[in-house]
Amino acid sequence: MMKIKVKKKILAKNEDFAAANQKFFKKKNILCINMISSPGSGKTTILEKTAKALKNKINIAVIEGDLYTKLDAERIRATGLEAVQIETKGACHLTAEQITNSLHKFDTDNLDIIVIENIGNLVCPSDFDLGETVRVVVLSVAEGDDKCKKYPNSFAQADVLLINKTDLARYLDFNVKMVRKDVLKLNKDLKIFEISAKTTAGMEKWFKWLKKAIR
Amino acid sequence: MHEMMVAENIVETILAQVQKKSGKVTRVVISCGQINAINDEALKFAFEAIAAGTICQGAKLKIKHIPLKAVCNSCHKKFNFDLYEPQCPKCGKSDFLIGDDVPLILEEIEFEKK
């Protein structure tokens with residue numbers, strides 16, 4: 001019987017690609033956003049509305065992650081933005097290597113922001129650093145106000161929380177105050193915006209934050 | 001099931017360390033932090049499946065969970081931070097300094113030499 005001490009990082013391969021992506025974004029002065037949420041929280045709608053409001057002021061491109069279909073990339077392209085679709089064929093998260101490969105498909109010289117819309121999943125994507133500049137987590141009021149307690153990993157590692165579908169809040173028992181209190185316990189530096197991507201209520205502050213972040 | 005990808009990376013890391021001809025892996029020890037959200041059962045299941053047909057087939061997987069240290073800013077109590085109970089166990093306040101979480105590490109490999 002032989003025993004060897006290894007002490008090697010298991011996700012070293014992903015970390016290497018993430019570090020390369022991070023370096024690339026820095027060199028090109030691109031703000032890369034890794035957007036994480038449950039399925040159906042409104043990530044794509046938020047991006048559509050953001051594109052509509054900012055496309056003549058900021059150059060944005062989107063990497064769409066889904067298990068199957070190119071539907072989301074088509075929705076983004078319909079707004080006039082460039083989009084690349086990654087279909088993971090069942091995998092529950094995006095990897096830094098997939099991002100590296102997607103970056104070649106854009107003309108990155110004039111880009112200000114690249115948004116990565118991760119797979120709709122509040123568990124797995126939070127484990128895989130993509131080399132992003134900031135991490136944005138979306139929680140829609142329809143999902144319930146206990147999600148940050150149940151899935152703390154995603155919230156603990158985010159820079160921004162978008163509480164979406166606030167236009168539905170009056171029909172649902174979603175306690176925004178409690179959510180704010182709970183997430184700040186996990187992550188006291190988290191920036192929180194309450195928005196409705198459908199009505200665009202509250203989105204001005206999010207746009208302002210984006211404009212400031214690329215400076 | 002990000003454990004599948006983690007298992008793939010464990011087996012890849014082992015194969016880079018242990019030559020195929022040198023023997024059969026019998027036990028593997030890994031450590032993980034709190035943010036990795038590793039579920040033991042899911043990871044063991046995935047590891048068994050990925051290890052099949054390699055020198056890691058049948059190897060036992062031991063997973064060590066390394067606590068995330070925190071210090072309360074109010075009462076200065078040192079405690080292990082629990083993501084599911086983010087408050088000081090002594091004073092109940094939620095104002096604390098959290099230490100660095102450890103990454104997933106392949107700690108050691110035991111194998112039978114051919």
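The values are calculated or read from the model by the stated rules, or taken from the named source; none is laboratory data. All values derive from a computational prediction rather than experimental measurement. Neighbour counts run over all protein chains shown; Cβ positions are idealised from the backbone, glycine included. Accessible surface areas use protein heavy atoms only, side chains included; no ligands, DNA or RNA. Shrake-Rupley method; radii C 1.70, N 1.55, O 1.52, S 1.80 Å.
Quick look at the values:
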{"quantity": "Identity of the residue in segment A:23-39, open to solvent by 60 Å² or more (accessible area, probe 1.4 Å) and part of a loop (DSSP other than H, G, I, E, B), that ends up nearest to the other protein chains (Cβ to nearest Cβ)", "calculated": "A:P39"}
{"quantity": "Hits in segment A:165-189 (condition: in a helix (DSSP H, G or I), more than 14 Å from every other protein chain (Cβ to nearest Cβ) and touching a helix residue (DSSP H, G or I) at 6+ places or on another chain (Cβ under 8 Å))", "calculated": "A:T166, A:L168, A:A169, A:V176"}
{"quantity": "Long-range neighbours under 8 Å by Cβ, at least six apart or interchain, first residue closer than 18 Å to B:V11 by Cβ within segment A:1-25, second open to solvent by 20 Å² or more (accessible area, probe 1.4 Å) and hydrophobic (A, V, I, L, M, F, W, C)", "calculated": "A:K7/B:I105; A:K8/B:I105; A:K9/B:I105; A:I10/B:I105"}
{"quantity": "Single match in A:V115, A:V137 (criterion: touching a residue at least 12 places away in the same chain (Cβ under 8 Å), under 20 Å from B:F81 (Cβ atoms), β-branched (V, I, T) and outside any loop (DSSP other than H, G, I, E, B))", "calculated": "A:V137"}
{"quantity": "Residue match in segment A:9-22 (condition: closer than 30 Å to B:K114 by Cα and in a strand (DSSP E or B))", "calculated": "yes"}
{"quantity": "Selection from segment B:88-110 of residues that are out of contact with any Cys (no Cβ under 9 Å at 6 or more places or on another chain), facing another protein chain (nearest Cβ under 7 Å) and of a type outside the set (A, V, I, L, M)", "calculated": "B:E107, B:E108, B:E110"}
{"quantity": "Which numbered condition A:L11 fails, given (1) surrounded by 15 or more Cβ atoms within 10 Å (Cβ to Cβ); (2) away from chain B (no Cβ under 12 Å); (3) within 30 Å of A:E143 (Cβ to Cβ)", "calculated": "(2)"}
{"quantity": "Candidates A:K89, A:K105, A:K149 - the one that is within 14 Å of another protein chain (Cβ to nearest Cβ) and assigned to a loop (DSSP other than H, G, I, E, B)", "calculated": "A:K89"}
{"quantity": "Filter result for the condition that a residue is farther than 30 Å from A:K149 by Cα and without any contact (Cβ under 8 Å) to a residue 40 or more places away in the chain, over B:E12, B:E41", "calculated": "B:E12"}
{"quantity": "Of the criteria (1) open to solvent by 20 Å² or more (accessible area, probe 1.4 Å); (2) away from chain B (no Cβ under 14 Å); (3) in a helix (DSSP H, G or I), which one A:Y68 fails", "calculated": "(3)"}
{"quantity": "Tally of residues being open to solvent by 80 Å² or more (accessible area, probe 1.4 Å) and not in a loop (DSSP other than H, G, I, E, B) across segment B:75-114", "calculated": "5"}
{"quantity": "Residue satisfying condition, being more than 25 Å from B:M5 (Cβ to Cβ) and free of Cβ contacts under 8 Å to residues at least 12 places away in the same chain, within set A:N101, A:N56", "calculated": "A:N56"}
{"quantity": "Search result, residues across segment B:10-58 that are at the interface with chain A (Cβ under 8 Å from one of its Cβ atoms), open to solvent by less than 20 Å² (accessible area, probe 1.4 Å) and at pLDDT 95 or above", "calculated": "B:I10, B:I30"}
{"quantity": "Every residue from segment A:92-102 that is part of a helix (DSSP H, G or I), touching a helix residue (DSSP H, G or I) at 6+ places or on another chain (Cβ under 8 Å) and open to solvent by less than 10 Å² (accessible area, probe 1.4 Å)", "calculated": "A:A96, A:I99"}
{"quantity": "Output for segment A:118-134, where each listed residue is in a loop (DSSP other than H, G, I, E, B) and either among the polar types (S, T, N, Q) or at negative phi (or both)", "calculated": "A:N118, A:I119, A:G120, A:N121, A:L122, A:V123, A:F128, A:D129, A:L130, A:E132, A:T133"}
